[in-house]
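Please treat every number below as a calculation from the coordinates, not as lab data. Given the structure is predicted, the values throughout are model-derived calculations rather than measurements. Every residue, glycine as well, gets a Cβ built from its backbone with ideal geometry; the counts of neighbours run over all protein chains shown.
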Amino acid sequence: MQGLLERTHILLGDEKLARLQNARVFIAGLGGVGSFAAEALARMGVGNLTLVDCDVVAASNINRQLVALNSTIGQKKSEIMAARMRDINPDIKLNLISEFMNRESFEVHFAQNHYDYVLDCIDSLNCKVALIEVAYKLGLNIASSMGAGGKTDPSQIKVSDMYDTNVCHLASKMRQRLKRLEVGTGIRTVYSTEPPLPPLPPEPTSTGRPRAVNGTVSYMPPLFGFTLAGLVVRDLTGITQPLKRKQIRKGYKPKGMT
């Protein structure tokens with residue numbers, strides 16, 4: 001542990017490092033964004049992480065996901081991530097959830113477990129909304145990633161409150177859904193103002209619903225993940241303060257909402 005935190009200690013000191021070592025963080029999604037966010041938090045000395053991902057590595061993940069190698073195809077992302085983290089910090093406490101979670105399972109889990117921060121690195125709109133709604137209404141600190149697919153320009157990555165995002169199509173959908181659920185301001189959001197390049201034409205999936213596949217580059221999802229990790233570290237150590245919350249009410253239209 002001493003070697004792991006030797007250089008970090010120069011910047012943060014004993015008190016802030018102790019906050020990280022005692023922190024409990026919930027990370028949903030271990031793809032291109034979540035895998036890099038999770039490892040960055042492990043390398044910062046965050047002491048207790050819950051890793052959630054029901055998926056296994058596919059060949060198409062190799063261009064952007066930390067867990068994805070030719071040697072790991074078919075393996076559970078959560079287990080690969082856990083092995084890496086234990087190799088980084090043998091003292092880390094990990095809770096792995098390798099099953100699909102929905103609104104009900106989020107409610108049950110958060111009722112039984114306390115977290116200092118919740119990270120949304122999920123791809124699915126419905127699951128993203130469910131996680132944020134439940135965590136928000138329980139008063140938990142939340143940071144959420146919007147889509148890195150179809151983007152190539154790192155200089156256009158931004159951080160703001162969810163209700164102050166713009167250009168990003170996914171963020172627009174999230175704002176609309178969250179407003180209807182009476183989820184207000186106070187959610188840190190990583191997004192890009194770059195107009196996305198077009199995806200492939202929609203094709204049927206195993207669920208029967210056509211899905212358009214976005215193109216991705218190697219560096220954009222990791223940058224989103226590292227930015228999320230930085231937000232969490234700075235909030236947990238008191239370098240920054242969590243965003244102020246303001247409940248959505250009738251007639252209230254936060255800045256940037258379309």
What residue among Lys151, Lys244, Lys128 has the largest mean-square fluctuation in a Gaussian network model of the chain, using Cα springs under 10 Å? Lys244
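Once you keep just the Cα pairs under 8 angstrom separated by 6 or more residues, what percentage relative contact order results for the chain?
21
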For the range 50-201, what's the relative contact order in percent, using C-alpha pairs closer than 8 Å and at least 6 residues apart? 19
Cα pair distances exceeding 22 angstrom across the range 151-225, given as percent: 36
Most mobile of Arg86, Arg211, Arg24 in a GNM of the chain (Cα contacts under 10 Å): Arg211
Listing Cys168, Cys127, Cys54, Cys121 by rising number of other beta-carbon atoms within 10 angstrom, fewest first, gives Cys54, Cys127, Cys168, Cys121
Here the FRET efficiency for Leu11 versus Glu99, based on Cβ atoms and R0 = 30 Å and rounded to 0.05, is 0.20
Over the Cα atoms of the chain the radius of gyration and the largest Cα-Cα distance (Dmax), both in Å, equal 17.8, 54
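Show that you can apply the helix-only estimate: for the chain, add -39,500 (n - 2.57) for every DSSP H stretch of four or more residues, divide by all residues, and state [θ] at 222 nm to the nearest 500.
It lands at -12000 deg cm²/dmol.
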Once you've got the Cα coordinates, tell me which of Lys76/Lys179; Lys16/Lys173; Lys16/Lys179; Lys16/Lys246; Lys137/Lys158 are over 30 Å apart. Lys76/Lys179; Lys16/Lys173; Lys16/Lys179
